[in-house]
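Asks: My questions all concern the structure below.
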Number of protein chains: 2
Amino acid sequence: MMKLHQFHLSGNCYKVRLCAHMLSLPLLLVDVDMMGGETRRAPFLAKNPNGRVPLLELEDGRTLPESNAILFFLAEGTHLVPSDRWQRAQMLQWLFFEQYSHEPYIAVARFWLKFAPEEQLRDKRHLLPEWQTKGNAALGVMETWLGNKPWFAGDEFSIADIALFAYTHCAGDGGFDVSVFPAIEDWLARVKAQPSFIPMEHRPQ
Amino acid sequence: MMKLHQFHLSGNCYKVRLCAHMLSLPLLLVDVDMMGGETRRAPFLAKNPNGRVPLLELEDGRTLPESNAILFFLAEGTHLVPSDRWQRAQMLQWLFFEQYSHEPYIAVARFWLKFAPEEQLRDKRHLLPEWQTKGNAALGVMETWLGNKPWFAGDEFSIADIALFAYTHCAGDGGFDVSVFPAIEDWLARVKAQPSFIPMEHRPQ
């Protein structure tokens, strides 16, 4: 069985679990003590020199980091990746947007406000206004797109929706108010209504 | 002919020109006055609500942002994208690494040190040590990988090499010393020796 080295409440790790569940691919979850520094120590760095989760490990020991690359690897050739070349490019556009313009503000604000010890947060508080501005700009770009389209790539739900759902559905943890983006709220509801949807907290038995 | 809306000395725009040149795909270059704020004004935002270059425009008017999504769109099905599924996933891993762990430090340091007016740089100078630390960490991850592999995905040159070359070859502009990474220096030379290589400054006649 494939292993997922992960921190359960990381949106980047949740993406992979949600995608795998929708594709009925079993994953053995290996919890990594990210808060305790495990991703920065030698045994983990031997598997991923960039020191991050999620990390997918195949049965033969090969490893793949980067959440959105893992999504593509798992879903290529399935209904979660458009078969049309232009739509596939649009899907990738949103995967790169998520990692460059969305995650560094919305996920990072959530991390510091929800998980970091108060004394460490103190050093980061001056960055909160910039995270708010840039995170809200990213949500604005999504709102514009969703104003007349149901999904981010083509006419069907894809891994672009999985990637953007992961940190948008819990953006409130980072101090963002998604209720001022009605098209995003409707889209979040459509994602939750997808067959085989699981919430972030879900753990397989 | 496809149009590329671009700023010529942006590495993200150079990636697209280099890839298109290697594939013999003609591009009409449309220079955007990024420094003058053109990417933040209504006519450009109508084409890309995220307000960034590069932006690819097809002959029928459809537009695609995000440099690495454009690379994938242009190169899918060619020798610049591995045909093996695992190698394709590794290629994507490096494309996401480039946008998350490399570009935000190495390209951003170059932008502020090389292009920004001195009075604006003053507000950013306190960030230079963090950019240096994280940019050098990214170069360290690349050095480790290239210690026993010629290219970033599989056994052949791919768009992962194009994406990482764009800002690594000019990392000195951001105050980085690539000469302390010998495997990266050898790889830069291999990229420059590829058929149909063009330097960043090259403009088609």
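The values are calculated or read from the model by the stated rules, or taken from the named source; none is laboratory data. Since the model is a prediction, treat every value here as computed from it, not as a measurement. So basically every Cβ, Gly included, is an ideal-geometry build from the backbone, and we count neighbours across all protein chains shown.
Asks: Tell me which of these B:Ser10 doesn't satisfy, since it passes every other one: (1) hydroxyl-bearing (Ser, Thr, Tyr); (2) within 18 Å of the chain's Cα centre (by Cα); (3) within 28 Å of A:Leu71 (Cα to Cα).
Replies: (3)
Asks: Could you go through region B:100-118 and let me know if any residue there is closer than 16 Å to A:Leu95 by Cβ, modelled with pLDDT of 95 or more, assigned by TED's automatic domain parsing to the domain that holds B:Tyr167 and of a type in the set (Phe, Trp, Tyr).
Replies: Yes, there is a match, as at least one residue in region B:100-118 is closer than 16 Å to A:Leu95 by Cβ, modelled with pLDDT of 95 or more, assigned by TED's automatic domain parsing to the domain that holds B:Tyr167 and of a type in the set (Phe, Trp, Tyr).
Asks: Of the conditions (1) outside any loop (DSSP other than H, G, I, E, B); (2) more than 22 Å from A:Gly77 (Cβ to Cβ), A:Asp161 clears all except one; give me its number.
Replies: (2)
Asks: Please name all residue pairs, on different chains or six or more residues apart, with Cβ atoms under 6 Å, provided the first residue is in region A:77-96 and is more than 16 Å from A:Phe165 (Cβ to Cβ) and the second residue is surrounded by fewer than 20 Cβ atoms within 10 Å (Cβ to Cβ) and modelled with pLDDT under 95.
Replies: A:Pro82/A:Gly154; A:Gln87/A:Gly154
Asks: Hey, can you tell me all the residues within region B:8-26 that are buried (at least 20 other Cβ atoms within 10 Å of the Cβ) and of a type outside the set (Gly, Ala, Ser)?
Replies: Residues satisfying the conditions are B:Asn12, B:Cys13, B:Tyr14, B:Lys15, B:Val16, B:Arg17, B:Leu18, B:Cys19, B:Met22.
Asks: Can you tell me which of (1) within 14 Å of chain A (Cβ to nearest Cβ); (2) under 30 Å from B:Thr133 (Cβ atoms) is the one B:Arg110 doesn't meet?
Replies: Checking B:Arg110 against (1) within 14 Å of chain A (Cβ to nearest Cβ); (2) under 30 Å from B:Thr133 (Cβ atoms), the one that fails is (1).
Asks: Grab the helices (runs of 4 or more DSSP H) fully contained in region B:38-129, keeping just those with 1 or more residues being of a type in the set (S, T, N, Q).
Replies: B:67-75, B:85-97, B:118-121
Asks: Looking at region A:141-149, is at least one residue at pLDDT below 95, surrounded by 14 or more Cβ atoms within 10 Å (Cβ to Cβ), over 18 Å from the mean Cα position of the chain (by Cα) and part of a loop (DSSP other than H, G, I, E, B)?
Replies: Taking region A:141-149 as the starting set, the residues that turn out to be at pLDDT below 95 are A:148.
Narrowing the set further to residues that are surrounded by 14 or more Cβ atoms within 10 Å (Cβ to Cβ) leaves none.
Looking for residues that are at pLDDT below 95, surrounded by 14 or more Cβ atoms within 10 Å (Cβ to Cβ), over 18 Å from the mean Cα position of the chain (by Cα) and part of a loop (DSSP other than H, G, I, E, B), one finds none in region A:141-149, hence no.
Asks: Right, next: For region B:78-102, give me the residue count where each residue is facing chain A (nearest Cβ under 8 Å) and either charged (D, E, K, R) or surrounded by fewer than 20 Cβ atoms within 10 Å (Cβ to Cβ) (or both).
Replies: Going through region B:78-102 one residue at a time, the tally reaches 3.
Asks: Could you please find all residues in region A:166-177 being surrounded by 19 or more Cβ atoms within 10 Å (Cβ to Cβ) and either in the same structural domain as A:Lys15 (by TED's automatic domain parsing) or in a helix (DSSP H, G or I) (or both)?
Replies: Within region A:166-177, A:Ala166, A:Tyr167, A:Thr168, A:Ala171, A:Gly174 qualify.
Asks: Could you list all residues from region B:119-133 that are modelled with pLDDT under 90 and among the hydroxyl-bearing types (Ser, Thr, Tyr)?
Replies: Across region B:119-133, there are no qualifying residues.
Asks: Suppose we filter B:Gly51, B:Gly36 for residues that are more than 14 Å from the chain's Cα centre (by Cα) and on the phi > 0 side of the Ramachandran plot; which single one remains?
Replies: Criteria check complete, one pass: B:Gly51.
Asks: Looking at region A:53-72, which of the residues that are in contact (Cβ under 8 Å) with a residue 12 or more places away in the chain, buried (at least 17 other Cβ atoms within 10 Å of the Cβ) and touching a strand residue (DSSP E or B) at 6+ places or on another chain (Cβ under 6 Å) is nearest to the other protein chains (Cβ to nearest Cβ)?
Replies: In this case the residue turns out to be A:Pro65.
Asks: Out of (1) closer than 21 Å to A:Gly174 by Cβ; (2) among the aliphatic types (A, V, I, L, M); (3) part of a strand (DSSP E or B), what's the single condition that is false for A:Met35?
Replies: (3)
Asks: Exactly one of these conditions fails for A:Ser24: (1) within 12 Å of chain B (Cβ to nearest Cβ); (2) of a type in the set (Gly, Ala, Ser); (3) closer than 21 Å to A:Pro199 by Cα. Give me its number.
Replies: (1)
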